[in-house]
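Just so it is clear, none of the values below were taken in a lab; they were calculated from the coordinates. Since this is a predicted model, take the numbers as computed values, not measurements.
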Amino acid sequence: MTSLDRFGQLSGSNDPFNDQTEDVGRGGQDNLIHIRIQQRNGRKTLTTVQGINPDYDFKKIVKACKKEFACNGTVVEHPEYGDVIQLQGDQRNLIRDFLKKIGIAKEAQIKVHGF
């Protein structure tokens, strides 16, 4: 029998609606690239990209994204997720298309989160 957790979600190992993957760990072991948006002050937002293979040069990816999207960006070290790319503004669709275009990821490997 399944039960509801404190958020009203079904809990249990047989939950067919649970789309969460196993613990990602350092460097994105689940082969998914997560693109998220975070709200900053007022209308300002921040796009984060996590789960890219650590064999790629993140600084070169950020440099190309900054030039392509006309925004600022950086690479930050996260204790749980490893290197995370941060870009100013809502760049979710642009970064998804960019990663597919240059061959870093396929459509099935990219998961876009946000409001």
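Summary of values
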read-out: The range 62-110 shape via C-alpha gyration tensor axes, a/c threshold 1.5; value: oblate
read-out: Under 25 Å from the Cα of Lys106 - lysines, other chains or at least 8 residues apart; value: Lys59, Lys60, Lys63, Lys66, Lys67
